[in-house]
Amino acid sequence: MLADQQPDTHQNYDVEAVNSPKRRQPLYTARKKIFPKRASGTFRKFKWLVMLITLGIYYITPWLRWDRGPYASDQAVLIDLEHRRFFFFFIEIWPQEFYYVAGMLVMAGIGLFLVTSTVGRAWCGYTCPQTVWVDLFLVVERAIEGDRNARIKLEAAPWSFDKLWKRVSKHAIWIVIGVATGGAWIFYFADAPTLLHDVVTLQAPVVAYATIALLTATTYVFGGLMREQVCIYMCPWPRIQGAMLDENSLTVTYNDWRGEPRTKHAKKALAEGKPVGDCVDCNACVVVCPMGIDIRDGQQLECITCALCIDACDDVMTRLGKEKGLISYTTLNNYNRNMALATSAEGTIEPSRVRDAAGKFIDKIRHTTWRSIVRPRTVLYFIGWAAIGLAMLTVLSLRSPLDINVLHDRNPLFVMLKDGTVRNGYDVKILNMTPEPRTVTLRLDGLPGGTLSLADSKGASETDLLLELEPDKVLPLRLYVHADPKALTARQTGFTMVIDSTDGIRASTRANFEAPEKK
């Protein structure tokens with residue numbers, strides 16, 4: 001092969017996988033610190049992009065403005081606990097509409113199942129907050145202490161002024177990142193500029209400072225100190241995700257059907273007539289792994305499929321003039337088929353079985369394409385996810401900005417007045433779910449001779465009431481409904497309470513009017 005005739009241009013790393021299935025450590029053993037080397041390549045660039053987008057969304061979103069008029073907050077995304085409202089740009093969610101939040105949680109769950117069954121633990125490798133903040137902390141660490149070798153050397157060195165200032169600087173910046181993380185979180189629950197002023201001037205509520213302190217501590221400890229241990233020991237998803245994968249799920253895989261037998265001295269082995277795989281046992285895949293594993297040991301609970309090992313291995317293969325993809329995203333089906341091609345009757349892997357005389361892969365080798373992820377299971381997940389989202393959007397678009405809730409008195413059900421009419425009492429709540437005042441008319445529909453009066457009104461009852469609604473608030477009313485029992489045909493009569501807004505919007509609800517039985 002042409003590649004075997006070229007001089008070695010790769011670097012061998014003296015590294016051992018910290019979390020290896022071949023050498024499982026006791027549960028309570030002391031942690032072995034991992035010093036991942038900085039990787040470069042397609043997946044590393046993609047992780048940088050994801051980190052910038054996710055951190056940008058998290059830190060910038062509370063400062064985005066959305067004009068809702070003079071009667072509501074202009075913060076685009078706001079969880080207003082004081083008034084029990086959730087604002088998301090043009091959407092406003094009230095407490096009784098919590099089913100929207102439930103729907104979004106269900107969508108998030110189905111979306112996670114869809115992503116995992118399609119591309120494995122892509123959530124863990126790219127967008128999980130733990131992964132994103134660990135990446136950010138590693139950027140700081142490398143900027144101050146250097147790359148892997150420099151950090152290992154600094155770790156082993158005795159304490160000196162150089163080591164002290166580097167460690168103090170690194171941890172100080174980590175704490176600042178933690179404070180920014182906690183500070184950004186509280187801005188989602190109040191007007192960001194106002195709350196920032198109150199925090200700086202020490203006028204903010206105690207809960208704001210407590211939240212910042214808590215999130216600063218968790219961000220610093222999880223992202224800076226514990227790192228991979230959070231994923232291995234604390235997160236439940238590595239245990240669950242196994243049930244989400246199948247033989248057609250894409251996962252980061254070492255293709256030992258082309259990599260074995262591995263050797264650091266390919267030319268010598270070839271000269272001796274021994275079979276040689278593409279893997280040169282340089283350990284580049286191990287040295288960049290943030291989880292401290294060797295992907296060549298097979299699928300492991302610790303693997304978050306960040307694909308940095310693919311970048312490292314592809315770089316080595318390019319230097320050696322070999323095809324990329326010794327480590328790649330592939331499916332179990334394709335892997336098993338290729339392994340069957342490469343395995344001899346004696347059960348050993350022979351590289352010559354998967355290559356032709358020119359050193360190229362034979363046509364029978366199966367390569368993973370985008371079609372691998374389109375299958376009944378993923379389509380079903382996507383349909384379920386999209387259906388829930390479409391249903392929520394439909395309900396949201398059809399909902400009325402006005403609503404009315406009516407509760408009939410339990411005791412007494414009715415009162416006979418001296419003029420012979422019957423009176424029923426109701427607790428009524430009219431909801432104005434818009435950030436502007438409204439004038440509405442409350443009337444009855446379907447109750448013969450029915451009239452209305454407010455409990456605190458001393459005037460005569462009327463056929464309708466004119467009410468002023470404050471913006472984005474609930475108007476509670478104590479209401480009496482009067483009717484002549486002679487005009488009623490049953491002991492219980494159903495009717496409708498209707499509110500009509502001056503701008504043409506209407507809302508209604510059903511209620512019952514109780515009367516004495518006719519003799």
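The values are calculated or read from the model by the stated rules, or taken from the named source; none is laboratory data. Predicted model only: the values in this text are computed from it and were never measured. Positions of Cβ are backbone-derived with ideal geometry, glycine not excepted, and every protein chain shown enters the neighbour counts. In case anyone asks, the SASA skips ligands and DNA or RNA and just uses the protein heavy atoms, side chains included. Shrake-Rupley method; radii C 1.70, N 1.55, O 1.52, S 1.80 Å.
With each label modelled as a point 7 angstrom along the Cα→C-beta vector, the residue 418-residue 478 pair spans 2.1 nm. By a 1.4 Å probe calculation restricted to protein chains, residue 94 has an accessible surface near 10 Å², given to the nearest 10. Where only DSSP H runs of four or more residues are counted, the chain gives -11500 deg cm²/dmol as its mean residue ellipticity at 222 nm, each run worth -39500 (n - 2.57). Rounded to the nearest 20 debye, the dipole magnitude of region 452-519 is 520 debye, with +1 charges on Lys and Arg beta carbons, -1 on Asp and Glu beta carbons, and the Cα centre as origin. Net charge of the neighbourhood of residue 393, taken over other residues with C-beta under 14 Å away and scored Lys/Arg +1, Asp/Glu -1, is 0. The mean accessible area for residues of region 163-234, using a 1.4 Å probe and ignoring ligands and nucleic acids, is 49 Å² per residue.
If one takes the longest principal axis of the Cα atoms in the chain, at what angle in degrees, from 0 to 90 and to the nearest 10, does the Cα axis of helix 42-60 lie? Value to nearest ten degrees: 30. Highest-first packing order for the peptide set 482-491, 255-264 is 255-264, 482-491, based on the mean count of other beta carbon atoms within 10 Å. Compared with the dominant principal axis of the Cα atoms in the chain, helix 332-342 is inclined by about 10°.
Here the spin labels are modelled as points 7 Å beyond Cα on the Cα-Cβ line, and at residue 237 and residue 397 they lie 3.2 nm apart.
Taking region 219-365 as the region of interest, the number of lysine pairs whose Cα atoms are within less than 21 Å, with members eight or more places apart or on different chains, is 13. Put the Cα centre of region 409-428 next to the Cα centre of region 256-304 and the gap is 85 Å.
Expressed as a whole percent, the accessible surface of the chain that belongs to carbon and sulfur atoms is 62, based on a 1.4 Å probe. Ligands, DNA and RNA are left out, and with a 1.4 angstrom probe the accessible area of region 251-328 is 34 Å² per residue. Taking the Kirkwood radius as Rh and the Cα radius of gyration as Rg, region 83-137 has a ratio of Rg/Rh equal to 1.13.
At most 13 other C-beta atoms within 10 Å and a DSSP loop state: those are the exposed GluC sites (Glu not before Pro) I care about. Give me the longest piece of the chain that has none.
Values: sites that count: 16, 82, 247, 272, 346, 517.
Longest gap between qualifying sites, sites excluded: 347-516.
The distance between label points at residue 156 and residue 32 comes to 1.5 nm (points 7 Å beyond Cα on the Cα→Cβ vector). Other residues with beta-carbon under 15 Å from the beta-carbon of residue 158 carry, at +1 per Lys or Arg and -1 per Asp or Glu, a net charge of +2. With R₀ set to 35 Å, the beta-carbon distance separating residue 429 from residue 387 gives a calculated FRET efficiency near 0.60. Each Lys and Arg Cβ is given +1 and each Asp and Glu Cβ -1; about its Cα centre, the chain then shows a dipole of about 1580 debye.
Partner lysines whose Cα lies under 29 Å from the Cα of residue 166, excluding those fewer than 8 positions away in the same chain, are identified as 32, 33, 37, 45, 47, 153.
Computed over the Cα atoms of the chain, pair by distinct pair, the Kirkwood hydrodynamic radius stands at 29.0 angstrom. Rolled with a 1.4 Å probe across the full set of protein chains, the surface gives residue 361 an accessible area near 40 Å².
When you count the other C-beta atoms within 10 angstrom of each residue and take the mean per peptide, 394-404, 185-195 line up highest first as 185-195, 394-404. Working note: Cα gyration tensor of region 220-357, eigenvalues times five, square-rooted, sorted largest first, giving semi-axes of 31, 19, 12 Å. Packing-based ranking of 51-64, 325-338 yields 325-338, 51-64, ordered from highest to lowest mean Cβ neighbour count within 10 Å.
Using a Förster distance of 60 angstrom, determine the FRET efficiency expected from the C-beta separation of residue 164 and residue 340, and round it to 0.05. Don't skip to the answer; put the middle values down first.
Details: r = 58 Å, r/R0 = 0.96.
E between residue 164 and residue 340, to the nearest 0.05, is 0.55.
Axis angle, to the nearest 10 degrees, between helix 308-320 and the longest C-alpha principal axis of the chain: 30 degrees. Counting only lysines at least 8 places from residue 473 when in the same chain, those with an alpha carbon closer than 23 Å to its own are 429. Within the assembled protein chains, the solvent-accessible surface assigned to residue 392 is about 30 Å², based on a 1.4 Å probe.
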